[in-house]
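Report on the structure given below.
Derivation of every value follows stated rules applied to the coordinates shown; laboratory data play no part. Note that the structure is predicted; figures quoted are calculated from it, not measured. Here Cβ is always computed from backbone atoms with ideal geometry, including for glycine, and neighbour counts include all displayed protein chains.
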Amino acid sequence: MAKVLIPTPLRQFADKKDSVELAGTTVAEVMAALTEQFPTLRKQLFTDEGKLRSFVNVYLNDEDIRYLKKDATPVAATDTLSIVPSIAGGAPAVGLAGGSL
Amino acid sequence: MININKSSWDLMVAHAEKLFPNECCGAMLGNIDGDVKNVTQAVAIENSYTGAQGARYELRPEDLLEADRKARAAGLDLIGIFHSHPDCDAYFSKTDLENSCPWYSFVVLSIKGGKFDHANSFLPNAEQTDAPKEELTWPKS
């Protein structure tokens, strides 16, 4: 069983667990098992078309799966999968005081 | 609401002022008690944006992963991200929104002339179309 670490804000969709042990031999199988066990996580992680959302990265131990075999990356029982967002931003030259947009 | 303790706040402001006129970024660790987030440890993270950093920042996912591991090891949670707006108000810009994720609090520090001016915290929605403010407190001394 591979371990999947659940980011803090997503634990509300995973019975408040910080990690779960799931069966699967590839990243795709483990992630499918994750959203099967916790269906409300699916919307947080995947688009309606079933693709990982643009800001969601999956790491197998210390490696980004995009640089391995993506969804087909093999997963061993001793592996740990982490869900890590992409975050960036910045302010243009002219700001708006105080509010959002 | 999100409360930031003194040591975390001091680190965040010092990091933002040190990197002025560039943008800084980092992670906020702590715990969540109901609707209240308490930040007890801030982690400065390198701005990895490859172009001019005066109006842009980027967090490497692996740096965020390391911050999450640090939080877990300390029995804390990764609960927010901070970055600075040099010579600009602390609002959530279009660039911020388009490159955010809806899972965390985003604290923006306005640094004007190299010194802290004001700050706000935002909660981007899942569609990345809006980021309402959340109440933010920090030690004012």
If one computes the Cα centroid of the range A:1-43 and of the range B:71-141, what distance in Å separates the two points? 27
From phi via Karplus (6.51, -1.76, 1.60), per-residue ³J(HN,Hα) for the range B:53-59 in Hz, x at Gly/Pro: 9, x, 9, 8, 9, 8, 9
Computed P(r) (all Cα pairs; the protein assembly as shown; 10 Å bins; percent): 8, 32, 35, 19, 6, 0
Per-residue ³J(HN,Hα) for the range A:13-25, Karplus 6.51 cos²θ - 1.76 cosθ + 1.60, θ = phi - 60°, Hz, x for Gly and Pro: 9, 10, 6, 6, 7, 8, 7, 9, 9, 9, 7, x, 9
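When a/c reaches 1.5 or more, the comparison of a/b and b/c decides; with that in mind, is the range B:76-124 rounded, prolate or oblate per its Cα gyration tensor?
Judged from the Cα gyration tensor, the range B:76-124 comes out oblate (a/c at least 1.5, b/c at or above a/b).
How much net charge surrounds B:Ser84 when only the other residues with a Cβ under 14 Å from the Cβ of B:Ser84 are counted, with Lys and Arg +1 and Asp and Glu -1?
-4
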Mean other chain Cβ within 10 Å across B:91-100 is 6
On the formula 1/(1 + (r/R0)^6), with r taken between the Cβ atoms of B:Val36 and B:Lys70 and R0 of 25 Å, the FRET efficiency rounded to 0.05 is 0.70
Can you tell me the Rg and Dmax of the range A:2-85, counting just the alpha carbons, in angstroms? 11.5, 31
Whole-Å semi-axes of the range B:12-98's equivalent ellipsoid, largest first, each the root of 5 times a Cα gyration tensor eigenvalue? 23, 14, 12
Would you mind calculating the relative contact order of chain A from Cα pairs under 8 angstrom and at least 6 residues apart, reporting the percent as a whole number? 33
For the range B:14-30, what does the Karplus curve 6.51 cos²θ - 1.76 cosθ + 1.60, with θ = phi - 60°, yield as ³J(HN,Hα) per residue in whole Hz, taken in order and with x for Gly and Pro? 4, 5, 5, 5, 5, 8, 3, x, 8, 7, 10, 7, x, 10, 10, 10, x
Under a crude label model (7 Å from the Cα following the beta-carbon direction), how far is B:Thr137 from B:Lys94 in nanometres? 3.6
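Sorted by mean Cβ packing within 10 Å, highest first, what order do the peptides A:51-58, B:93-100, A:16-23 take?
Highest to lowest by the protection proxy: B:93-100, A:51-58, A:16-23.
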Could you work out the local net charge near B:Pro102, counting Lys and Arg as +1, Asp and Glu as -1, over the other residues with Cβ closer than 10 Å to its Cβ? 0
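If we count every other residue with Cβ under 11 angstrom of B:Ile4's Cβ, Lys/Arg +1 and Asp/Glu -1, where does the sum land?
Local charge sum for B:Ile4: +1.
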If amide hydrogens are placed 1.01 Å from N in the peptide plane, which non-local residues have theirs closer than 5 Å to the one on B:His118? B:Ser110
